[in-house]
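For reference, the structure discussed in these notes is given below.
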Amino acid sequence: MEIKIDPRIIKSISEFNLPTKIGFGKTLAPVMISCSYKEEKWGALNLVPYEPLTLSPTAKVFHYGQEIFEGMKAYRVNGQGPYLFRPEENQKRFNLSAERMAMPTLPEELFINSVKLLTEYCAPFIPDKSGDSLYLRPFMFATEEHLGIAPSNEFKFMVVASPSTAYFSSDSLKVLIEREYVRAVDGGTGQAKTGGNYAGGLNSAIRAKNLGFSQTLWLDSKKREVVEEMSGMNIFVVMKGKLVTPSLEKTILDGVTRRCLIRLAEDMGFSIEERALSINELIEAIQSGECSEAFACGTAVIVTPIEGFGEDDGTFYKVRSKGESIWPRLREKLLALQEGREKDIYGWRHKVSLSYGEKASEGGVEV
Ligand code: COI
């Protein structure tokens with residue numbers, strides 16, 4: 001694998017200042033990764049300044065949405081790290097998404113080296129407050145110029161990085177139960193991390209916002225009875241002291257954070273049920289007080305509590321907590337592992353060596 005470091009990055013990096021208010025996904029690191037696919041081969045991995053792209057107006061991504069992405073983070077809290085967290089899980093899911101969207105898969109080495117290289121060069125800009133991180137966004141899109149409906153023969157793989165806080169600035173979420181639109185259908189692309197799944201949810205997001213909610217809760221497409229996920233995050237509830245999360249159907253994204261929480265909760269002694277959860281069961285459990293907690297989880301949102309669920313007619317089902325909540329314990333456990341504050345007995349944390357960039361540039365263009 002050839003790695004090329006663009007000499008212009010020296011200027012981009014030296015001119016970059018981390019703002020005091022960073023937000024989520026708003027502050028972009030001054031460098032990025034770019035790699036092209038042509039004639040059935042991946043080319044060199046390039047580390048270049050963050051800059052606009054030049055693409056043909058007929059690039060297939062603009063017309064047929066052949067695009068996938070991942071969300072992952074690098075941590076450097078209190079001078080520890082930088083650490084990546086389970087990057088191989090994102091790499092595997094990226095390739096599953098690629099297969100579903102008729103795109104070439106990416107060799108593991110190319111994906112992992114890209115996120116490591118970018119993390120290393122962005123290390124000085126990784127915020128050091130617990131909960132903040134360098135949000136990494138690997139993505140791939142179709143670049144072939146052609147209006148025929150057929151898979152593209154040319155693609156670009158890129159990774160951009162954003163020093164970020166957690167996704168939500170509010171303390172807890174109000175969630176709209178979406179009874180009209182659906183996010184995913186049986187046999188569709190719900191399990192893939194592709195832009196269209198998110199674009200299709202935006203009209204509901206607008207409606208939710210106008211009604212005073214911050215998220216949409218998606219139900220199954222056939223009967224609108226079973227709880228699925230929330231676009232960009234999975235859901236857990238606590239019912240009669242047990243954690244319940246929807247079992248993974250092909251319409252639900254297999255969240256890395258979701259899987260971590262299941263493992264951590266089991267090891268902390270909580271009972272977990274992965275099963276079909278109907279919206280009626282959830283509402284009844286909230287009303288009877290059996291549901292004492294609900295929370296969202298995902299790379300961007302980490303673990304964020306849900307205040308309650310509502311309908312578009314103004315009905316609101318407020319979750320009433322009982323005793324000590326589970327979500328803060330799970331959130332703290334997860335962050336402690338990600339940020340290097342706790343011994344990692346799972347082998348999930350990967351330290352990025354700060355000399356990685358030097359090694360990587362051997363064989364490529366030296367800075
Ligand atoms: C992530 O959690 O990384 C996601 O991809 C969700 C995103 C849409 C904000």
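Please indicate, with yes or no, whether at least one residue in region 14-37 is part of a helix (DSSP H, G or I), closer than 20 Å to Ser355 by Cα, open to solvent by 70 Å² or more (accessible area, probe 1.4 Å) and away from the ligand (no atom under 16 Å from the Cβ). Yes, because at least one residue in region 14-37 is part of a helix (DSSP H, G or I), closer than 20 Å to Ser355 by Cα, open to solvent by 70 Å² or more (accessible area, probe 1.4 Å) and away from the ligand (no atom under 16 Å from the Cβ).
Filter region 127-145 for residues that are closer than 15 Å to Gly23 by Cβ and within 16 Å of the ligand (Cβ to nearest atom) and give the result.
Within region 127-145, the first condition is being closer than 15 Å to Gly23 by Cβ, and the residues that meet it are 127, 129, 131-135, 137.
Once the filter is applied, which keeps residues that are closer than 15 Å to Gly23 by Cβ and within 16 Å of the ligand (Cβ to nearest atom), region 127-145 yields Gly131, Asp132, Ser133, Leu134, Tyr135, Arg137.
For region 262-280, what are the residues that are outside any strand (DSSP E or B) and touching a residue at least 24 places away in the same chain (Cβ under 8 Å)?
In the first step, residues of region 262-280 are kept if they are outside any strand (DSSP E or B); the result is 262-271, 276-277, 279-280.
Hits for region 262-280 are Arg263, Leu264, Ala265, Met268, Phe270, Ser271, Ala276, Leu277, Ile279, Asn280.
Taking region 146-225 as the region of interest, the strands (runs of 3 or more DSSP E) fully inside it that hold 3 or more residues being touching a residue at least 60 places away in the same chain (Cβ under 8 Å) and within 22 Å of Thr251 (Cα to Cα) are 173-177. In region 38-66, the qualifying residues are those that are free of Cβ contacts under 8 Å to residues at least 12 places away in the same chain and outside any loop (DSSP other than H, G, I, E, B), and the one that is farthest from the ligand (Cβ to nearest atom) is Lys41.
Of all the numbered requirements in (1) within 18 Å of Lys351 (Cα to Cα); (2) open to solvent by 40 Å² or more (accessible area, probe 1.4 Å); (3) assigned to a loop (DSSP other than H, G, I, E, B); (4) of a type outside the set (D, E, K, R), Pro124 misses one, and that requirement is (3). Across region 292-326, the qualifying residues are those that are aliphatic (A, V, I, L, M) and over 16 Å from Met230 (Cα atoms), and the one among them that is nearest to the ligand (Cβ to nearest atom) is Ile326.
With respect to the conditions (1) surrounded by fewer than 13 Cβ atoms within 10 Å (Cβ to Cβ); (2) within 13 Å of the ligand (Cβ to nearest atom), Phe168 falls short on a single one, namely (1). Scanning region 80-139 for residues that are without any contact (Cβ under 8 Å) to a residue 12 or more places away in the chain and of a type in the set (Val, Ile, Thr) returns a single hit, Thr105.
Residues of region 307-332 that are under 20 Å from Ser271 (Cβ atoms) and either among the aromatic types (Phe, Trp, Tyr) or part of a strand (DSSP E or B) (or both): Trp327 alone.
Among the residues of region 32-81, the ones that are among the small types (Gly, Ala, Ser), under 24 Å from the mean Cα position of the chain (by Cα) and closer than 22 Å to Gly200 by Cα come to 2 in all. Residues in region 70-84 that are open to solvent by less than 20 Å² (accessible area, probe 1.4 Å) and not charged (D, E, K, R): Gly71, Met72, Ala74, Tyr75, Val77, Gly81, Pro82, Leu84. Return yes or no: is Gly289 surrounded by fewer than 17 Cβ atoms within 10 Å (Cβ to Cβ) and farther than 18 Å from Pro328 by Cβ? Against the criterion (surrounded by fewer than 17 Cβ atoms within 10 Å (Cβ to Cβ) and farther than 18 Å from Pro328 by Cβ), Gly289 qualifies. Candidates are the residues of region 183-194 that are open to solvent by less than 40 Å² (accessible area, probe 1.4 Å) and among the hydrophobic types (A, V, I, L, M, F, W, C); the one that is nearest to the ligand (Cβ to nearest atom) is Ala192. Residue pairs whose Cβ atoms lie under 8 Å apart, separated by 6 or more positions or on different chains, with the first residue in region 308-322 and over 22 Å from Asp171 (Cβ atoms) and the second open to solvent by less than 50 Å² (accessible area, probe 1.4 Å), are Glu311/Leu176; Glu311/Ile177; Asp312/Leu176. Scanning region 67-113 for residues that are in a loop (DSSP other than H, G, I, E, B) and aliphatic (A, V, I, L, M), we see that the one that is nearest to Asp254 (Cα to Cα) is Met101. If you check Arg259 against the conditions, is it within 16 Å of the ligand (Cβ to nearest atom), open to solvent by 70 Å² or more (accessible area, probe 1.4 Å) and modelled with pLDDT of 95 or more? So Arg259 passes the test.
Selection within region 311-356: residues that are in contact with a Lys or Arg (Cβ under 9 Å, 6 or more places away or on another chain) and polar (S, T, N, Q). The member of this set that is surrounded by the fewest Cβ atoms within 10 Å (Cβ to Cβ) is Ser353.
The values are calculated or read from the model by the stated rules, or taken from the named source; none is laboratory data. All figures in this text were calculated on a predicted structure; none of them were measured in a lab. Glycine also receives a Cβ, built like all others from the backbone with ideal geometry; neighbour counts cover every protein chain displayed. Accessible surface is based on the protein model in full, side chains and every heavy atom, while ligands, DNA and RNA are left aside. Shrake-Rupley method; radii C 1.70, N 1.55, O 1.52, S 1.80 Å.
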